[in-house]
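The values are calculated or read from the model by the stated rules, or taken from the named source; none is laboratory data. None of the values given here were measured: they were computed from a predicted structure. Neighbour counts run over all protein chains shown; Cβ positions are idealised from the backbone, glycine included.
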Amino acid sequence: MTSTITAFLGDEELACGERDAVTRLLEERYPGDHGAILAFDDATGRVTDLDYWDALKAAAPRTPGRPRIGVQSREVTLLPRHWEWLASQSGGASAALRRLIDDARRNGRSERERQDATYSFMQATCGNRPGYEEALRALYRNDTTTFAAAIAGWPGDIVRYIDRLRLAEATTSA
């Protein structure tokens, strides 16, 4: 799954795209102090950390798994009845889990997930802006007219990103 992020410096959107590409771009354009730059996960609207040190990335220890084919282990905790059901599925447990995840991703994010992502971003960046509380109430009431009016005076990049989070379509990338 591709992780996309959007980086802001104050009210200005600096970059948007895949995590590694945005990190490299920020390293090139803003060398040194990255403390004032906030990066947000586009799926959750939450602040996320970026790893600006390529050397540390390269030295990260690999976990056991099937490294010859690029697979690293993860841990899944299920009850015995879940394992039995997965084992009975065509292709085994891994194939069944992949199908379930792909189906969920095709269905896209729920309205509540989009609202929560919008809330997370607004909480991190907009708490002191006029109309903030009214905008949050309108967001969870699905009152688009009041929501739009409450954020109308906010900076353009902030409003555009809020709209991207709030109106995000289903993600179907693999």
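Here is how the numbers come out for the structure above:
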quantity	calculated
Strands (runs of 3 or more DSSP E) fully within region 1-46 counting 3 or more residues that are closer than 22 Å to Ile162 by Cα and among the charged types (D, E, K, R)	12-18
Cβ pairs under 9 Å, 6+ apart, first in region 137-157 and at positive phi, second surrounded by fewer than 16 Cβ atoms within 10 Å (Cβ to Cβ) and in a helix (DSSP H, G or I)	Asn142/Glu111
Residue within region 71-79 that is part of a loop (DSSP other than H, G, I, E, B), modelled with pLDDT of 75 or more and closer than 18 Å to Leu9 by Cβ present	no
Any hit, region 145-164, residues being surrounded by 13 or more Cβ atoms within 10 Å (Cβ to Cβ) and over 27 Å from Ile37 (Cα atoms)	yes
Odd one out for Thr125 among (1) modelled with pLDDT under 80; (2) within 28 Å of Ala148 (Cα to Cα); (3) of a type in the set (S, T, N, Q)	(1)
Condition broken by Arg114, with the remaining ones in (1) out of contact with any Ser or Thr (no Cβ under 7 Å at 6 or more places or on another chain); (2) touching a residue at least 40 places away in the same chain (Cβ under 8 Å); (3) over 22 Å from Glu13 (Cα atoms) satisfied	(3)
Qualifying positions in region 14-64 - among the acidic types (Asp, Glu) and modelled with pLDDT of 75 or more	Glu18, Asp20, Glu27, Glu28, Asp41, Asp42, Asp49, Asp51
Residue count for region 124-139, restricted to those that are closer than 18 Å to Arg160 by Cβ, more than 15 Å from the chain's Cα centre (by Cα) and surrounded by fewer than 19 Cβ atoms within 10 Å (Cβ to Cβ)	3
